[in-house]
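No value in this document is a laboratory result; all are computed from the given coordinates. Just so we're clear, the structure is a prediction, and the values are computed from it rather than from any experiment. Glycine also receives a Cβ, built like all others from the backbone with ideal geometry; neighbour counts cover every protein chain displayed.
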Amino acid sequence: MKRVLILGAAGRDFFNFLTVYRDDPDVEVVAFTAQQIPHIAERRFPPQLSGPRYPHGIPIHSESRLEELVRELGVHEVVLSYSDLSALEVLHLASRANAAGADFVMLGVRHVLKSSKPVIAVCASRTGAGKSPLSRAIVPWLRARALRVAVIRHPMPYGDLATQRVQRFATLEDLTAEHVTVEEREEYEPHIVAGSVVFAGVDYAAILATAEREADVILWDGGNNDTSFLEADLYLTVVDPHRAGHEASYYPGETNVRLADVVVINKADTAPPGAVAAVRETVRRLNPHARIVVADCLVRADDGGVLTGRRVLAIDDGPTLTHGGMPFGAAVLAARAAGARELVSPRPFAVGEIADALRAYPHVTEALPALGYGAGQIRDMEETIARAVAGGVEAVAIGTPIDLAKLVRITVPVTRVRYDIAWREGTTMEDVLEHALPLLRQRA
């Protein structure tokens with residue numbers, strides 16, 4: 001029997017297990033590993049989900065133990081099952097697995113679920129490229145045409161996996177009842193506020209079946225730069241000219257570019273000179289059949305006057321700054337545009353797990369990552385902000401998709417920073433959704 005170790009980050013790894021390996025009598029999955037997300041290692045994938053072949057569930061270990069696990073568990077294959085890795089990082093993982101004695105496997109995109117409803121998938125080349133504003137623009141366009149839309153979000157099961165098998169979020173109270181993390185709330189809340197129902201969890205076959213009962217159209221809202229779990233009638237991939245070249249050098253972002261019906265080059269308004277043209281050229285080389293459209297990402301502060309002339313602490317989306325590799329986000333851009341006197345680095349004030357994260361990601365110097373994977377991280381973030389205020393910060397710009405000031409105490413003036421997609425070159429939403437319109441019209 002083939003013994004398999006699945007490398008993951010509490011998402012794609014569980015999906016691959018449930019759809020490819022769980023019921024295969026010739027395979028035994030001996031363990032998962034965990035990376036990128038804190039507090040997800042040293043848990044156990046529960047027997048309620050792992051099935052009768054795994055009556056005691058499956059252990060989850062830190063990826064740092066890769067070689068040790070391969071040797072001790074007699075692993076034959078190591079299966080890569082998480083996203084936003086550079087090509088070099090993938091090669092290093094393969095080399096570690098191979099040197100320890102195991103084969104290294106990357107599953108193809110044929111391992112997807114097929115829906116009875118039309119599916120629009122929104123994916124990206126990197127974390128933080130702008131999937132969320134694109135998804136937020138598509139949903140009301142569909143709803144305005146009397147189509148019921150279910151948003152299925154890429155998994156973020158960081159709590160009790162058995163109880164998170166199928167999650168349905170229709171109200172903000174649902175988020176509170178489920179004790180979601182800051183990172184989960186950032187993805188779910190904007191959709192809910194706009195009137196959508198969001199589905200997520202662990203078991204995506206059951207999640208899809210639940211969503212199909214309520215929808216005419218399924219919108220897959222991707223996470224990181226992972227590929228869609230669902231076979232898509234329209235595949236949209238967002239690429240980021242702030243990280244020109246990454247669309248061809250990050251896994252599985254390049255796969256998303258190659259799969260795309262439409263590639264959206266986002267953030268053109270703030271991109272470095274020549275970056276949009278360079279990204280366009282790379283996309284044409286990788287996928288000459290894709291339609292390429294260009295968009296601005298319009299950043300605006302609710303009250304820019306709060307930031308003008310002041311020493312500002314900018315708080316931006318955590319995953320975008322950390323494993324997404326961006327040094328700044330919308331809050332930094334808004335503070336600069338508003339004429340902040342100074343952008344204050346969070347580094348001298350960081351405590352606990354926030355300080356640990358900043359040490360792990362030295363490129364983050366101008367913004368505080370909004371990290372809240374657990375109560376401890378939220379406390380550390382609140383203490384970091386309080387220390388920054390004591391150190392002279394006069395205002396805070398919050399560039400996350402939620403009202404973070406309701407979750408952490410901030411004692412100086414605060415403004416939220418929002419960002420929306422705006423098409424260039426005469427493009428319309430009809431142009432972007434052109435491939436899917438015949439199917440959508442059949443449902444209308």
Worksheet item: Could you state the principal axis extents of the C-alpha atoms in the chain, from the largest down, to the nearest angstrom?
Response: 66, 52, 43
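FRET efficiency for Glu212 and His289, Cβ-Cβ distance as r, R0 = 25 Å, nearest 0.05?
Taking R0 as 25 Å, the efficiency between Glu212 and His289 is 0.30.
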Fill in: Estimated 222 nm signal from helices in the chain, with DSSP H stretches of n ≥ 4 weighted -39500 (n - 2.57), rounded to 500
-8500 deg cm²/dmol
Worksheet item: Computed on alpha carbon atoms, what radius of gyration and Dmax characterise the stretch 58-166, expressed in Å?
Response: 18.7, 57
Worksheet item: If you stretched the chain out fully between Asp174 and Ser64, how much longer would it get, using 0.36 nm times the residue separation minus the C-alpha to C-alpha distance?
Response: 36.1 nm
Item to complete: Consider all pairwise Cα distances in the stretch 181-335 and report the whole-number % of them above 20 Å.
Response: 60 percent
Discussion item. How far apart, in nanometres, would the label points at Asp23 and Ala337 be if each is projected 7 angstrom from Cα along the Cα-to-Cβ direction?
Written reply: 5.0 nm
Discussion item. Compute the distance from the alpha-carbon center of the stretch 91-139 to that of the stretch 6-33, in whole Å.
Written reply: 15 Å
Fill in: Taking all pairs of distinct alpha-carbon atoms in the stretch 2-106, Kirkwood radius in angstrom
13.6 Å
Worksheet item: With a ≥ b ≥ c the root eigenvalues of the C-alpha gyration tensor of the stretch 304-361, is it rounded (a/c under 1.5), prolate (a/b larger than b/c) or oblate?
Response: oblate
Fill in: Gyration tensor (Cα) of the stretch 311-412, equivalent ellipsoid semi-axes in angstrom
17, 15, 13
Response to the item:
From fewest to most C-beta neighbours within 10 Å, the residues Val344, Val27 line up as Val27, Val344
Fill in: Debye log10 I(q)/I(0) at q = 0.11, 0.13 Å⁻¹ for the stretch 161-237, Cα point scatterers
-0.28, -0.40
